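The values are calculated or read from the model by the stated rules, or taken from the named source; none is laboratory data. Since this is a predicted model, take the numbers as computed values, not measurements. Positions of Cβ are backbone-derived with ideal geometry, glycine not excepted, and every protein chain shown enters the neighbour counts. Calculation scope for accessible area: heavy atoms of the full protein, side chains included, ligands and nucleic acids excluded. Shrake-Rupley method; radii C 1.70, N 1.55, O 1.52, S 1.80 Å.
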Amino acid sequence: MIAADAPEPGSVLYQIEDARARARRSFQVKFALTWVALVGGLVVALYVTGNIDTEFISTWAPFIVAGAWVTVYISLISIVLATLLALIGAMGRMSRNPYLNGVASLYVSLVRGTPLIVQVFFIYLALPQVGVVLPAIPSGIIALSFNYGAYMTEIFRAGIQAVPRGQREAAQSLGMPERQLMWRIVLPQAFRIVIPAIGNDFVSMLKDSSLVSFLAVEELLYRAQLVGRQNFRSLEALIIAATIYWILTIAFSFAQQNLEQRMARGDR
Amino acid sequence: MTDHIVHPVTGAHLGDNIVRAQQIEKYFGRNHVLRGLDIDVRQGESVMLIGRSGSGKTTFLRCVNFLEEPSAGWVEIDGLRVDADPLHTRSRAHLEQIRQIRIRSGMVFQEFNLFPHMSVLANLIEAPTKVNHVPKAEAIERAEAYLDKVGLTEKRDEYPQRLSGGQKQRVAIARALCMEPKVLLFDEPTSALDSDLIGEVLKVMEDLAHEGTTMIVVTHEMHFAREAADRVIFLEEGLVVEEGPPEVMLSEPTDGRTQQFLRRFLAD
Ligand SMILES: Nc1ncnc2c1ncn2[C@@H]1O[C@H](COP(=O)(O)OP(=O)(O)OP(=O)(O)O)[C@@H](O)[C@H]1O
Ligand SMILES: [Mg+2]
């Protein structure tokens, strides 16, 4: 790397570096200004045209924002369960046992072949007909876990297969039994490969969890809709909800990037 | 049957056959790669396999510890005989026998195949503690002794990523030694290394050979073979063409094909 040791001031290298840095800064400033102008402009436009009821916002924002906790909580539990399901699913999909493989493949096919909202309703509305009655939050968590578990099954399978063959062979040549080889050698390496994908799925899950509002779970969207309708202020309510979703996804994406960078820097 | 020729001078230090690989055949599809190999190795003997690319050296080595299932024949290590299971019935009993063969043999790969998520020490004690159930303190002691032997005591807590190729391969040798196998199998252990790192690995292997470690080595390092081999075997198209002590095999082989191979090889 040429720029590693700082070039001397006045040298050509220095001038080039300097020009590059200035261009970068200028880009960042213009980029940020664009965002501020667009978002700020929208807010101001809504405000001056009298479409925004600030009193409604100050009264109800805390109530809506409190729903964010439910959103995060449902998503966190669901991503953990989905990860477990995906692990089992991936094992099944790679199994030489036709029954296990059949079950796992059917699961993936069914879930991926139907809309998430249908799965949500199925668990909450259809299962009671055969005697399985679940409260709203568990229903939502189960639906999200099952759905994401199926997609993540394929991610896990790819992750496991991405561990180099030599790793298995080294473990085998040391006499490791299959189970130990999987748990101690292959899976820890596969996990590192799939962590970014799990992070992405978690961010998607934060947004998809809004579907459980159909089950009257008092999460972010449900609360927004509720007070929006009651007060005929859906615009404000939904803007609040959307903003929270946006902030949540940005925050978690940011946290994920940090985590990945730290993992990349640390010892592998 | 070739009753193998033993080095007249060094032959005295050799014990009975500890590895027997008899009538080994291997098909890859219709490709008949090994065509009935009979190779026995005596306790303390170091055997070098040479031959041109595609002659079946790697395949033979991998058949010895069943990383490839032979199509026919049998392997015996330290009294445990396992017959080829060409129909791949892969019964539990057969798999367990293979595992026992692998515990009795250690393999060193061209690509090192260290476990990247474990420190050097963890690489070394993983199999002894988890496969052979050696108490951890004893396994660590053993690991440190072998690390010392390969000259890497100070890398004990390092991660593989931070080692040079030559250091990685020496750790891989130590890892195999930690299982105290009856025979070490080396598949071109230096061919993935920069030329200035080859020497340190060959030095370790030469020491092992002189200390009476039983080993089978696939190599293109003729100088090393001359120094460290008790016996050199020339393979061609899956058959033993000629074998004998290195002075004879590498200087005045009788078979025309061996002569031609060496001529072309030494010309490069
Ligand atoms: N997994 C495999 N599937 C199909 N064919 C294979 C496989 N492994 C090896 N072969 C074939 O078997 C033959 C012998 O290969 P092998 O790797 O044993 O040769 P080698 O003597 O080790 O050669 P090299 O010096 O290049 O390493 C080659 O023709 C190769 O293409
Ligand atoms: Mg080879």
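Is the stretch B:84-100 home to any residue that is within 16 Å of ligand 2 (Cβ to nearest atom), facing another protein chain (nearest Cβ under 9 Å), within 20 Å of B:T213 (Cα to Cα) and not small (G, A, S)? Looking through the stretch B:84-100, none of the residues is within 16 Å of ligand 2 (Cβ to nearest atom), facing another protein chain (nearest Cβ under 9 Å), within 20 Å of B:T213 (Cα to Cα) and not small (G, A, S).
Go through the residues of the stretch A:58-65 one by one and say whether even a single one is hydroxyl-bearing (S, T, Y) and part of a helix (DSSP H, G or I). Taking every residue of the stretch A:58-65 in turn, at least one turns out to be hydroxyl-bearing (S, T, Y) and part of a helix (DSSP H, G or I). Restricted to the stretch A:129-146, and to residues there that are assigned to a helix (DSSP H, G or I) and open to solvent by 10 Å² or more (accessible area, probe 1.4 Å), the residue that is farthest from the other protein chains (Cβ to nearest Cβ) is A:Q129.
Listed by first and then second residue, the pairs linking a residue in the stretch A:172-190 that is more than 7 Å from chain B (Cβ to nearest Cβ) to a residue that is crowded, with 18+ Cβ neighbours inside 10 Å and small (G, A, S), with Cβ atoms under 7 Å apart and 6 or more places separating them unless they lie on different chains, are A:L181/A:A171; A:A190/A:G159. Is it the case that some residue within the stretch A:158-170 is open to solvent by 60 Å² or more (accessible area, probe 1.4 Å), over 30 Å from B:P128 (Cα atoms), part of a helix (DSSP H, G or I) and more than 14 Å from chain B (Cβ to nearest Cβ)? No; the residues of the stretch A:158-170 include none that is open to solvent by 60 Å² or more (accessible area, probe 1.4 Å), over 30 Å from B:P128 (Cα atoms), part of a helix (DSSP H, G or I) and more than 14 Å from chain B (Cβ to nearest Cβ). State yes or no: is A:G199 more than 14 Å from chain B (Cβ to nearest Cβ), open to solvent by less than 60 Å² (accessible area, probe 1.4 Å), free of Cβ contacts under 8 Å to residues at least 40 places away in the same chain and not aromatic (F, W, Y)? So A:G199 fails the test. Can you name every residue in the stretch B:109-137 that is more than 8 Å from every other protein chain (Cβ to nearest Cβ) and touching a Ser or Thr at 6+ places or on another chain (Cβ under 9 Å)? B:Q110, B:P135, B:K136 - these are the residues of the stretch B:109-137 that are more than 8 Å from every other protein chain (Cβ to nearest Cβ) and touching a Ser or Thr at 6+ places or on another chain (Cβ under 9 Å). Do the conditions hold for B:G51, that is, is it within 11 Å of ligand 1 (Cβ to nearest atom), open to solvent by less than 10 Å² (accessible area, probe 1.4 Å) and over 25 Å from B:E211 (Cα atoms)? Spelling it out, B:G51 is indeed within 11 Å of ligand 1 (Cβ to nearest atom), open to solvent by less than 10 Å² (accessible area, probe 1.4 Å) and over 25 Å from B:E211 (Cα atoms). The set of residues in the stretch A:25-55 that are modelled with pLDDT under 85 and either in contact with a Pro (Cβ under 7 Å, 6 or more places away or on another chain) or assigned to a helix (DSSP H, G or I) (or both) is empty.
Only residues that are open to solvent by 20 Å² or more (accessible area, probe 1.4 Å) and out of contact with any Phe, Trp or Tyr (no Cβ under 8 Å at 6 or more places or on another chain): list them for the stretch B:95-108, please. Residues satisfying the conditions are B:L95, B:E96, B:Q97, B:R99, B:Q100, B:I103, B:R104. In the stretch B:52-70, the residues that are among the aliphatic types (A, V, I, L, M) reach residues that are more than 9 Å from ligand 2 (Cβ to nearest atom) and open to solvent by 10 Å² or more (accessible area, probe 1.4 Å) with C-beta atoms within less than 7 angstrom, at least six apart or across chains, in these pairs: B:L67/A:E169; B:L67/A:Q172. Annotation: of all residues in the stretch B:56-83 being away from chain A (no Cβ under 14 Å) and part of a loop (DSSP other than H, G, I, E, B), the one that is farthest from ligand 2 (Cβ to nearest atom) is B:G79. Given the structure, is B:E76 under 30 Å from B:I24 (Cβ atoms) and at pLDDT below 95? Criteria not met by B:E76. Pairing residues of the stretch B:150-172 that are within 14 Å of another protein chain (Cβ to nearest Cβ) and more than 21 Å from B:M107 (Cβ to Cβ) with residues that are charged (D, E, K, R) and not in a helix (DSSP H, G or I), at Cβ distances under 6 Å and at least 6 apart in sequence or on separate chains, gives B:Y159/A:D267; B:Q161/A:R268. Would you confirm whether any residue within the stretch B:23-36 is away from ligand 2 (no atom under 16 Å from the Cβ), within 10 Å of chain A (Cβ to nearest Cβ) and under 30 Å from B:M249 (Cα atoms)? There is no residue in the stretch B:23-36 that is away from ligand 2 (no atom under 16 Å from the Cβ), within 10 Å of chain A (Cβ to nearest Cβ) and under 30 Å from B:M249 (Cα atoms). Suppose we keep only residues that are within 8 Å of ligand 1 (Cβ to nearest atom) and among the small types (G, A, S) within the stretch B:54-73. Which one would you say is surrounded by the fewest Cβ atoms within 10 Å (Cβ to Cβ)? Per the criteria, the residue is B:G54. Taking strands (runs of 3 or more DSSP E) as the structural unit, no element lying wholly within the stretch B:159-268 holds at least 2 residues that are over 25 Å from B:G36 (Cβ atoms).
Residues considered: A:G89, A:G67. Of these, the only one that is at pLDDT 95 or above and either under 29 Å from A:Y245 (Cα atoms) or open to solvent by less than 40 Å² (accessible area, probe 1.4 Å) (or both) is A:G89.
Would you mind finding the one in B:E141, B:E180 that is modelled with pLDDT of 95 or more, open to solvent by 30 Å² or more (accessible area, probe 1.4 Å) and more than 14 Å from every other protein chain (Cβ to nearest Cβ)? Answer to the check: B:E141.
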